[in-house]
Amino acid sequence: MTTQSHTPHSATASASSAAEPTEAHTSAASTFHPNVDQAELDKFSALATRWWDPTTEFKPLHEINPLRLAWIIEQIDGGLIGKQVLDVGCGGGILTEAMAKAGAHVKGIDLADKSLKIAKLHSIESGVSVHYESISAEALAEREPGQFDVVTCMEMLEHVPDPSATVRACSQLVKPGGWVFFSTLNRNPKSFLFAIIGAEYVLRLLPRGTHRWQSFIKPSELSEAARLANLTTVCFKGMEYNPFNQRYSLSANTDVNYLMATRK
């Protein structure tokens, strides 16, 4: 038996609770401006000092990082070497630094200043060169459109008030022919059972209240949001957690956690 879990990546997130399932859609117009929930900024800021401690609530993120990095690299001809890469919702910089180590020129953006401070300090300590900035994807897209070969937006979309706006911004930021990668959680009864009840209440892989099931995004919804943003969906990949051997793996099962590769 496998279960899926999910870990906070971006500070641009919305408050959550283990509420009973009700439907939600990425295409709904947002009344939030900017596209961020201050309560979640505050929550991630409170966790900032623990980003790089693999024994804390960020343990799942450290464990899935090699899997998602390898998957990203295998999609791109020539990998990440020499590529201009943007990590949207970079948090403390775990994926950001990993992509820089893989040979990319990486910029990480987030709106949680404390998390960015931790990311900058860790970059100095590790000697891995990364440029960090406190700015939203939407604002950066207005300032620097079409400047990146690769854009990643991982474990973030289900946390922002208007995920479609973030998808559009990612599309605006990438060069024609470039890649945009997303990861998020599917919305169905199984994901409520596994990602909320299982991960937060039974296995306690994540703190209670990390996610709000209503904000999860079906692959069909994310693919449609990408299409409307002039991105072509290339492939999906699922991610699962086995509680018996306590390991994560990539699979064809997108019922709960999944990744999506797109090109412009």
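Nothing in this text is a laboratory measurement; each read-out follows from the coordinates by a stated rule. All of these numbers come straight from a predicted model, not from anything done at the bench. Cβ: placed from backbone, ideal geometry, glycine included. Neighbour counts: every protein chain shown.
Computed values, structure above
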read-out	value
Once the Cα gyration tensor of the range 75-192 is diagonalised, semi-axes √(5λ) in Å	21, 18, 15
Taking Glu221, Glu144 and counting other C-beta atoms within 10 Å, the order from fewest to most	Glu144, Glu221
Listed residue (Pro243, Val160, Trp71) projecting farthest to the positive dipole end of the range 38-263, Cβ model	Pro243
Separation between Cα centres of the range 213-259 and the range 64-85, rounded to whole Å	17
Burial ordering of Arg168, Arg187, Arg227, fewest other beta-carbon atoms within 10 Å first	Arg227, Arg168, Arg187
Additional length obtainable on full extension of the chain from Leu228 to Glu142, 0.36 nm per residue less Cα span	29.2 nm
Estimated FRET transfer efficiency (Asn245, Glu74; beta-carbon r; R0 41 Å; 0.05)	0.95
Cα-Cα over 24 Å, subset of Lys59/Lys117; Lys175/Lys218; Lys114/Lys237; Lys237/Lys264; Lys59/Lys237; Lys83/Lys114	Lys175/Lys218; Lys114/Lys237; Lys83/Lys114
Exposure proxy order (Cβ contacts within 10 Å, fewest to most) of Thr184, Thr233	Thr233, Thr184
Whole-number D in µm² s⁻¹ for the range 38-263, Kirkwood Cα-pair radius fed into Stokes-Einstein, 37 °C, 0.692 mPa s	187
Gain on full stretching of the segment that runs from Val202 to Asp113 - 0.36 nm per residue minus C-alpha separation	28.8 nm
Sequence-distant residues sharing a close amide H with Tyr132 (under 5 Å, placed H)	Gly108
Distance between modelled label sites at His62 and Ala252, nm, 7 Å Cα→Cβ extension	3.4
